[in-house]
Amino acid sequence: MSQNSGRRPFGRQTVDPPPRRTPGAPPDVREPGHVPLAHVVRGGLVEGVHHGSVVVLAADGSVEFQAGDIEAAFFPRSALKPVQAVGLLRAGLPPLDAPSLALTAASHSGEERHLATARRMLHSAGLTEDDLRNVPDLPYGAAVRDAWLRRGLAPSRLAQNCSGKHAAMLMTAHAQGWRLESYLDPGHPLQWEIAAAVEDLTGQGIARVTVDGCGAPLFSVSLHGLTRAVARLATAAPDTDEGRVAYALREHPEMVAGDGRDVTQLMRAVPGLIAKDGFEGVQIAALPDGRAVGVKIADGADRARMPVTAAALERCGVDPRVLSAFAATPVIGGGETVGSLRAAGAMAACSPEPFAPAP
């Protein structure tokens, strides 16, 4: 990521861009070579095919399995949040309890515990919801959103699923004496620090910078680099910034997503796992020994994300019985199950497609 070389004033301080470790080259910007990863089967016929890319890392960090294009530049969306949380700690985020740090890396459902935690984070720095610059939205969790609408409530910045990350950004900027109103500017020192952490943990330069749905800068890396980063969090010592984020995710999966959300359920099902999803069909997950998976569904279909992730975690040695609840989604016809959506194609070795005989 290119940086301005001159000094720029922010708030009470005049700052230089923070020093960085020299990253590897940024990934290539190209059309990714995705491959078939999941089938939608209805009545014994393949009704739909989801393409994408998958990488599975061994405990030593080597690539144990790959399908599709794991080196092309892509946008991780919210799957990058655990890495951004490490960047915030490195930038001077004041100490947080584990639930609050988990919310920093969350795409939360908008449950009352999520809203209360985000409020508490803001109030600790003398701030309010009015200081947030994320886009107002309804709660992300379906049940919470329905209840919100029944109460006649409007979209709000606090209810938007990224409010924990934005509250932590504001807390960090406030602690460092940086301007608050411009904390989402890619040239703000807060965003320099986050970008530096992204490059450090992924081991590669940032290919492109754009704006995420919430309004925050979004950094493009490769699926391989993103998966390498989550593996580094999962294996980090407890007294490091990476280890603190990993501990918060493991201890409080309910803060990372919410009741009924598959990421929360997956972390509860697999001991020691850390996991994060992202819009446009992105999923990362890592075990404490460094085995890790990264998934990108090409068409962004959320319905294919978890079945492919479950198949990839099988390749990491996770008991398939533990993953059975995530491995397939029923296809319904006339109120009855007439097929399933499950991993196939490049992932078929782990999750064979059950074709029914033709009538």
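The values are calculated or read from the model by the stated rules, or taken from the named source; none is laboratory data. Since this is a predicted model, take the numbers as computed values, not measurements. Backbone-built Cβ (ideal geometry, glycine too); neighbour counts: all protein chains shown. Areas reflect the complete protein model, heavy atoms only, side chains present, ligands, DNA and RNA absent. Shrake-Rupley method; radii C 1.70, N 1.55, O 1.52, S 1.80 Å.
For region 267-286, a residue qualifies if it is over 20 Å from Glu254 (Cβ atoms) and either touching a strand residue (DSSP E or B) at 6+ places or on another chain (Cβ under 9 Å) or crowded, with 22+ Cβ neighbours inside 10 Å (or both), and the qualifying residues are Glu280, Gly281, Val282. Restricting attention to region 243-266, the residues being open to solvent by 10 Å² or more (accessible area, probe 1.4 Å) and of a type in the set (Ser, Thr, Tyr) number 1.
Restricting the first member to region 272-297 and to residues that are under 19 Å from Phe65 (Cβ atoms), and the second to residues that are aromatic (Phe, Trp, Tyr) and assigned to a loop (DSSP other than H, G, I, E, B), the beta-carbon pairs closer than 9 Å and six or more apart or on different chains are Val282/Phe75. Pairs are defined by a Cβ separation below 7 Å, a sequence spacing of at least 6 or placement on different chains, a first member in region 74-91 that is closer than 16 Å to Leu103 by Cβ, and a second member that is basic (Lys, Arg) and open to solvent by 10 Å² or more (accessible area, probe 1.4 Å); the pairs so defined are Leu89/Arg244. Ala142 passes every criterion in (1) on the phi > 0 side of the Ramachandran plot; (2) surrounded by fewer than 20 Cβ atoms within 10 Å (Cβ to Cβ); (3) not polar (S, T, N, Q) apart from (1). Among the conditions (1) modelled with pLDDT of 95 or more; (2) open to solvent by less than 40 Å² (accessible area, probe 1.4 Å); (3) farther than 17 Å from Arg305 by Cα, the only one that Leu37 does not satisfy is (3).
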